[in-house]
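Notes follow once the structure below has been shown.
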Amino acid sequence: MAQIFPINGSDPRLPQQGDGGANGACETTGPLVIQIGFNRCATLTFHCMMEANGIPALHWKEPDGRNIARVMVSNMAMGRKPLDGFEGIRVFSDMAYLDGKIMIDGARFFRALHAAYPDAYFLFNTRDKAEWMSSRMRHANGTYLARCAKVAGVDVTDVPALWTQMYDQHTAEVESYFATAEARFLHFDLDCDSPQKIADWLAPDFELNMAHWGHHNRKTRARAHLG
């Protein structure tokens, strides 16, 4: 399966974080929280919890249809910061896009995101790999699996092997990078860790009521292009 790798660097002529530019993401509202794990790993649960705590959050796309992952790719192609244009948003999750022609997983841009937002909190959300794959195979009544196969040019029976490779590679690269990077990083294992671990980690900048943490699932909601 073709992968899109991080694009580093930004144009110094464009607004930078903290300079009050009109196209920057959250310049004056404090550090961002960026989820860099895959979808089907409690991304919606995390999003809803942050929203319920009154924190501006964006999951997958804006109400008007602008998808986070697609905007990220366009921004980086133009030398802008990945999240430019999402004014006021402090939390980003499910930064993915998939149709029959292209797959973008914004979590794979973690290096560029850290370079652009060094003060951000980076949440690496994971779960048991077999359960994660099973959830993806069932997602959207199997149409997510079919689109992955189409974009990769393989049979649906070959997709689990590609997902295994993607999961292992992303996990290894994230852990290796953040082991030495000066960053606010947390590896949250959905199967082992208490949600309070997230609250404690974010406590310097966010006051969270974890009573809002609960299971959320969009499987009954149709999405034309699933992330």
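A few comments on the model shown:
- Of the residues V151, V174, the single one that is modelled with pLDDT of 95 or more and either under 17 Å from T126 (Cα atoms) or of a type in the set (S, T, Y) (or both) is V174.
- Hits in segment 50-80 (condition: out of contact with any Ser or Thr (no Cβ under 8 Å at 6 or more places or on another chain) and on the phi > 0 side of the Ramachandran plot): G54, G65
- Options R184, R138, R218; residue that is under 28 Å from M76 (Cβ atoms), among the basic types (K, R), surrounded by 12 or more Cβ atoms within 10 Å (Cβ to Cβ) and modelled with pLDDT of 95 or more: R184
- Within segment 95-121, the set of residues being assigned to a loop (DSSP other than H, G, I, E, B) and either open to solvent by less than 10 Å² (accessible area, probe 1.4 Å) or not acidic (D, E) (or both) comprises M95, G100, K101, I102, Y117, P118, A120.
- Residue match in segment 135-155 (condition: of a type in the set (A, V, I, L, M, F, W, C) and at positive phi): yes
- Residue count for segment 67-93 satisfying the condition of being of a type in the set (V, I, T) and closer than 18 Å to I55 by Cα: 3.
The values are calculated or read from the model by the stated rules, or taken from the named source; none is laboratory data. Because the structure is predicted, anything quoted here is derived from the model rather than measured. Ideal geometry is used to build each Cβ from the backbone, glycine not excepted, and the neighbour counts take in all protein chains shown. Ligands, DNA and RNA are excluded from the accessible area calculation, which covers all protein heavy atoms including side chains. Shrake-Rupley method; radii C 1.70, N 1.55, O 1.52, S 1.80 Å.
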